[in-house]
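The structure under discussion appears below in the form of structure tokens.
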Amino acid sequence: MTPFFSVIIPLYNKENFIKATLESVLNQSFLDFEIIIVNDGSTDQSLATAEKTLRTFEQKTIVSQTNQGLSTTRNKAISLAKGKVLALLDADDLWQPQYLKEIHQLSLNFPEASLFGTDYIEFYSQSLQLQPRKNIPKAKRDTTFIVNDFFDASLFQPITVPSSFVFKKEVFETIQFNEAVTFAEDIEFYIKTNLNYKMAFCFKPLVTSRQDIPNQMTKIGFKGKKLPDLSQFENDTKQNSSLKKYTETYRYYWLSQSRISNDLEHIILLKNNLNPNYLSYKQRFLLHMPVFLLKRLKQLKSFLLKRKIRVTSY
């Protein structure tokens with residue numbers, strides 16, 4: 001029988017996290033799902049731990065490949081999926097027990113939608129967990145609705161993380177993850193899907209996105225990595241001002257990180273493409289700040305975060 005959900009899990013060196021992640025799936029209140037794991041050449045005990053955790057769960061597919069990167073791994077896992085709806089899940093994140101039930105309800109309440117998402121919690125430690133502010137009115141908390149403008153809603157902070165992003169399998173027939181991109185793979189996928197399909201959203205934090213992972217890509221930077229080519233969306237931005245601001249905001253963020261890491265290749269590339277007219281005054285000021293001061297500000301931001309004060313340039 002065809003399952004309603006296929007849970008898509010790329011796995012690479014997450015032996016200390018994959019057990020809890022899989023248990024959060026097995027503990028779902030909505031049980032009509034299969035689990036697809038593609039082990040992307042892990043060199044630790046991730047695969048063995050996953051197989052042991054799922055030993056009594058029948059609706060699973062676990063395959064291994066040589067290391068090929070996140071986009072290729074996701075595409076491979078999705079190609080094996082039998083479900084009508086595909087639920088992405090990183091191998092270190094967690095779902096609340098009602099997560100799939102809420103997504104299923106979204107699909108019933110909003111049949112016009114092909115994309116679905118929920119809010120999330122950022123986990124830094126047991127004593128530090130935050131629900132980041134979104135560009136959505138607070139009055140909408142704990143409600144469900146169609147997202148009229150994904151790019152505007154995601155300006156302060158993305159309204160979804162990969163582990164809270166779900167889409168109908170038919171979406172994948174026309175849009176796949178770009179296997180040439182090796183950093184921020186999700187951004188290009190978000191843009192392409194939200195330009196072509198409607199998203200239904202549950203404004204409840206039903207996913208825990210772990211920020212305490214050693215050697216996490218967002219912490220170690222993207223020097224030598226391939227960023228999404230946002231210029232491919234220039235024609236779309238002419239009719240969509242919020243998309244233009246969204247793409248320029250990411251260019252600004254990546255440029256700031258490149259300056260801190262002295263990544264000359266990306267500094268040149270991003271400077272040539274960035275249009276500062278779409279940035280806030282604060283962002284334009286920070287772009288011209290000396291690098292040593294940027295590093296000090298980054299340290300201050302980390303200091304404040306530990307005290308549950310989250311500051312951004314948005």
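What the table below lists for this structure:
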quantity	calculated
Residue in region 209-218 that is touching a strand residue (DSSP E or B) at 6+ places or on another chain (Cβ under 8 Å), modelled with pLDDT under 95 and at negative phi present	yes
Matching residues in region 263-286 - criterion: being charged (D, E, K, R) and open to solvent by 40 Å² or more (accessible area, probe 1.4 Å)	GLU265, LYS271, LYS282, ARG284
Residue count, region 75-89 (criterion: touching a helix residue (DSSP H, G or I) at 6+ places or on another chain (Cβ under 8 Å), surrounded by 18 or more Cβ atoms within 10 Å (Cβ to Cβ) and not in a strand (DSSP E or B))	4
Criterion: touching a Leu at 6+ places or on another chain (Cβ under 8 Å) and within 19 Å of SER24 (Cα to Cα) - qualifying residue of VAL166, VAL171	VAL166
Residue that is farthest from SER6 (Cα to Cα), among those in region 90-101 that are part of a helix (DSSP H, G or I) and open to solvent by less than 40 Å² (accessible area, probe 1.4 Å)	TYR99
Only one of PHE165, PHE201, PHE183, PHE150 that is touching a Lys or Arg at 6+ places or on another chain (Cβ under 6 Å), in contact (Cβ under 8 Å) with a residue 24 or more places away in the chain and open to solvent by less than 50 Å² (accessible area, probe 1.4 Å)	PHE183
Residue among LYS298, LYS308 that is touching a residue at least 12 places away in the same chain (Cβ under 8 Å), surrounded by 11 or more Cβ atoms within 10 Å (Cβ to Cβ), within 25 Å of the chain's Cα centre (by Cα) and not in a loop (DSSP other than H, G, I, E, B)	LYS298
Top-ranked residue in region 23-74 [being acidic (Asp, Glu) and assigned to a loop (DSSP other than H, G, I, E, B); ranked as nearest to PRO97 (Cα to Cα)]	ASP32
Residue in region 235-250 that is more than 22 Å from TYR314 (Cα to Cα) and in contact with a Phe, Trp or Tyr (Cβ under 8 Å, 6 or more places away or on another chain) present	no
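The values are calculated or read from the model by the stated rules, or taken from the named source; none is laboratory data. Because the structure is a prediction, the values reported are computed rather than measured. As a convention, Cβ positions derive from the backbone with ideal geometry for all residues, glycine included, and neighbour counts pool all protein chains shown. Heads up: the accessible areas ignore ligands, DNA and RNA and are worked out on the full protein's heavy atoms, side chains in. Shrake-Rupley method; radii C 1.70, N 1.55, O 1.52, S 1.80 Å.
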